[in-house]
Amino acid sequence: MIEVEKKFVLSEEEIQGLVKGSRFVGEVELDDVYYDTPDFALMKQDRYLRRRNGQFELKVSTALVIDAPTTHYRELTNKGEIREELGLGEGDFEWMVERAGYKPMVSIKTLRKKYKEGDFNIDIDSADFGHEVAEVELMVEKEEDVQGAIGRIKQFAFSKGLWDKSEGEIRGKVMEYLYRKNRAVYEEIAKSWKRLEAAHLRNN
Ligand code: V4E
């Protein structure tokens, strides 16, 4: 599945407007540990290996433009698929992750309030380092459904009076964490995304 997602930084009043009419699904605690090389080689390639509440997951970009208003990522949870994607050999998974040079680099705990309106998932996240971010998400099966989902998210946000809230720089939790705690790395990653985008555009 591909996760098509738009993030917003909102006031309490705007959050109430966003979730009005939706169904509260529940609250979950996320304990995320992002693994990477010490120079963040994965994030620089727009790939994110994390251990969420003990389970490894890999987010892989399916977009040409990384720093876009609406992002789309494939989320791999199957260890075999993660092994293949990262070129990890057979053997104990954690050991292979370590052997490939990936170490815990960023740890974030989040309290997530989950809502649903039709097939839209709305998450209101409060991260332990003081960052609050709202996400509107649709899951699609095929790459060709991504553009339609982006359009629907845009319309949904518009109907809640929030589309203009998505303009400007909105950082997700990991990038905000690095922005605050390690600005040099944040800038290196952002620069690397620009290089990736330019290479994609040249080759397509
Ligand atoms: C995809 C990504 C990163 C990995 C963390 O993803 P994020 O959506 O921030 O975390 P979370 O907890 O909401 O994951 P979910 O539960 O939805 O799977 S770190 C940087 N990115 C890329 C990225 C981007 N290009 N643009 C924006 C606004 N955010 C993140």
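The figures follow:
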quantity: Filter result (within 17 Å of Ile122 (Cα to Cα) and assigned to a helix (DSSP H, G or I)) within the stretch 171-200; calculated: Lys173
quantity: Filter result (at positive phi and of a type outside the set (S, T, N, Q)) within the stretch 5-55; calculated: Gly21, Gly26, Phe40, Asp46, Gly54
quantity: Counted residues, the stretch 40-59 - those being more than 12 Å from the ligand (Cβ to nearest atom), of a type outside the set (A, V, I, L, M, F, W, C) and surrounded by 14 or more Cβ atoms within 10 Å (Cβ to Cβ); calculated: 1
quantity: Set Thr62, Thr37: member being over 16 Å from Leu196 (Cα atoms), among the polar types (S, T, N, Q) and more than 10 Å from the ligand (Cβ to nearest atom); calculated: Thr37
quantity: Residue in the stretch 144-151 that is more than 18 Å from Gln16 (Cα to Cα), modelled with pLDDT of 90 or more and within 11 Å of the ligand (Cβ to nearest atom) present; calculated: no
quantity: Residue within the stretch 49-60 that is out of contact with any Cys (no Cβ under 6 Å at 6 or more places or on another chain) and assigned to a helix (DSSP H, G or I) present; calculated: no
quantity: Pair list, Cβ under 6 Å, 6 or more apart: the stretch 183-199 residue within 17 Å of Tyr48 (Cα to Cα), other residue in a helix (DSSP H, G or I); calculated: Val185/Leu178; Tyr186/Leu178; Tyr186/Tyr179; Ile189/Met43; Ile189/Lys44; Ser192/Lys44
quantity: Residue among Arg74, Arg50 that is closer than 27 Å to Tyr115 by Cα and in contact (Cβ under 8 Å) with a residue 60 or more places away in the chain; calculated: Arg74
quantity: Hits in the stretch 123-142 (condition: among the β-branched types (Val, Ile, Thr) and either touching a Leu at 6+ places or on another chain (Cβ under 6 Å) or within 10 Å of the ligand (Cβ to nearest atom) (or both)); calculated: Val133
quantity: Residue count, the stretch 4-41 (criterion: of a type in the set (Asp, Glu), at pLDDT below 95 and under 18 Å from Phe120 (Cα atoms)); calculated: 2
quantity: Residues being outside any helix (DSSP H, G or I), without any contact (Cβ under 8 Å) to a residue 40 or more places away in the chain and of a type in the set (D, E, K, R) - total across the stretch 137-170; calculated: 1
quantity: Considering residues of the stretch 1-34 that are of a type in the set (Ser, Thr, Tyr) and not in a strand (DSSP E or B) only, the residue nearest to the ligand (Cβ to nearest atom); calculated: Ser22
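The values are calculated or read from the model by the stated rules, or taken from the named source; none is laboratory data. Computed from a predicted structure; not experimentally measured. Because the Cβ atoms are built from the backbone with ideal geometry, glycine has one as well, and the counts that use them run over all protein chains shown.
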